[in-house]
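Computed from the coordinates by the stated procedures, all read-outs in this text should not be read as laboratory data. Keep in mind that what you see is a predicted model, and the values were worked out from it rather than measured. No Cβ is skipped: glycine too gets one built from the backbone with ideal geometry, and neighbour counts run over all protein chains shown.
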Amino acid sequence: MMERETSPNHTLMLILLLVNFVVGVLSADNYQRDDFPVDFAFGSGTSAYQVEGAANEDGRTPSIWDSFANAGSGYGDVACDGYHKYKEDVRLMVETGLDAYRFSISWSRLLPNGRGPVNPKGLQYYNNLINELISNGILPHATLYNSDLPQALEDEYGGWLNRDIIRDFTDYADVCFREFGDRVLYWSTINEPNVFALGGYDQGTIPPQRCSPPFCVRKGARGNSTYEAYLAVHHILLAHSSAAKLYRRKYRDKQHGFVGISLYTVGAFPVTNTEKDKIASQRVRDFFSGWIMEPLLHGDYPISMKTNAGERIPTFTNRESDQVKGSYDFIGIIHYCNVNVTDNSDALNIKVRDVYADMAATLGTPGVLTNEEYPITPWGLREELEKFKLLYGNPPIFIYENGQRTARNSSLQDVSRVKYLHGYIGAVLDALRDGSNIKGYFAWSFMDLLELLDGYESSFGLYYVDRDDPELKRYPKLSAKWYSRFLKGRSTSIVETIELQKDESLVSVRHLFE
């Protein structure tokens, strides 16, 4: 349960930490909400399986994430109980001052069989959530797919490895556009297709856990790590572009909305200043961002990918290439950290596993493949935004996920998260001033969630969720208070927050963390 008392020693320690933090922010760039365009959207987000719970209620059927996370334990059956607590959560969004909220729709809650009849209870829930957001002045940004394919479609034909998924995803998107598009203007079709494909079909670390030796050692593993990730992304791009084409043809003139796709990016920096490491850094960008962006921009995969993957990477027909090219109104960027890159082109010649060949040095990068906090390196995001401007035609961008990972515990004093947000929002402002076409920033995540890779062991939330409380009570962390002050036009540092406390007793400092 949440600790209610703070000892004198603990209070003194918090004050010392605050003083240390204040010194840090005084040396950083200072900015305010008014420095951003008036129509720039600041928000936060969650996703369906991570927050909703009610996994077996009101007609919802299992997704591949249920199968992955539960394994008979009911691991995600409750999550944060957002299905029942959405009104309370929207009130917290209002108190925080969010302009927008990003959420995802559970495909198997809306269409329990993956296709066919709409589940009325699922339809009612999303209508209620959207209406609650709208009535409180919060703009909904909806994601159609976040690693939660209906298990029925995975069982029937292998999900994203089968071209049938293009038809079924388009039909699912059609239902969402028809039912919610009069109020939802921003649609992200598929979240992190690059990471979903690599984790789900190469490493086997996330659903549907397909992989092959020697690239995974999981007992009973099935799949083929050498080509399935490429095939999954190929079908994802075709499904995305099919849904975007449908929206433009059938809904855009009436609803006036926008359809995009969200991808994971890393700041890729060469270990040395050698030409080989610089070229390797570009290959890493090709295999992460270019894998998705080049087809969207030019209708085909990056040359470096085609060279290295050879016949293992699928080919677009002329018609498919034309459909994929330009099939976005915006790009969602998901960014947390940087990777170090060194040339390992010998491994590329093996023609087996080219995706990670140049990222050997990544294994030693703090926070990338471990549960550590991310290094606060906002220049990585700044660099990626510059690359999107120069290499990919400066598309409209929403920063849809960016946030600090900490260990899950009962502390509300998340100073490192405040430092992280302060630095990265400042980097976004710098990029805007340099001409990047950025439309919004969403801090990940609104509350502590069920994380895909490590369950409830790590925390990204602005709000702490007390999992020992049957009511799953939410508590604002220091980061929520800082973000709220920024959104309401106050200083970006917490110096002013401390000043407001100066006439109160010493113990009142702990209110920053309650």
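Quick notes
- Given +1 at the Cβ of Lys and Arg, -1 at the Cβ of Asp and Glu and no other charges, the dipole of region 40-513 around its Cα centre is 780 debye to the nearest 20.
- Of all DSSP-defined beta bridges confined to region 40-513, some 15% are antiparallel rather than parallel.
- Region 40-513 has equivalent-ellipsoid semi-axes of 33, 28, 22 Å, by the square roots of 5 times the alpha carbon gyration tensor eigenvalues, sorted largest first.
- Cα centroids of region 173-224 and region 45-72: 15 Å apart.
- R0 of 45 Å, Cβ-Cβ distance residue 35-residue 88: FRET efficiency to nearest 0.05: 0.90
- Relative contact order for region 231-341, counting Cα pairs under 8 Å that sit 6 or more residues apart, in percent: 42 percent
- Derived scalar couplings between HN and Hα for region 231-240 equal 5, 4, 5, 4, 5, 4, 5, 5, 5, 4 Hz in order, rounded to whole Hz, by the Karplus curve 6.51 cos²θ - 1.76 cosθ + 1.60 (θ = phi - 60°), x for Gly and Pro.
- Scalar couplings 3J(HN,Hα) for region 472-477, obtained by applying the Karplus form with A = 6.51, B = -1.76, C = 1.60 to θ = phi - 60°, are 6, 4, 9, 10, x, 8 Hz; x denotes Gly and Pro.
- Amide H partners (placed H, <5 Å) of residue 267, local residues excluded: 337, 338, 339
- Vicinal HN-Hα couplings computed from phi for region 196-207 (Karplus, 6.51 cos²θ - 1.76 cosθ + 1.60; Hz; Gly/Pro x): 4, 5, 5, x, x, 10, 10, 7, x, 8, 9, x
- Nonlocal amide H pairs with residue 439, under 5 Å, H built at 1.01 Å: 397, 398, 399
- Amide hydrogen neighbours beyond the local backbone of residue 40, cut-off 5 Å, H modeled: none
- Packing-based ranking, highest mean first, of 47-58, 270-281, 77-88 given that Cβ atoms within 10 Å are counted: 47-58, 77-88, 270-281
- Of the residues 453, 251, 303, the one whose Cα sits farthest towards the positive end of the charge dipole of region 40-513 is 251 (charges of +1 on Lys and Arg Cβ, -1 on Asp and Glu Cβ, taken about the Cα centre).
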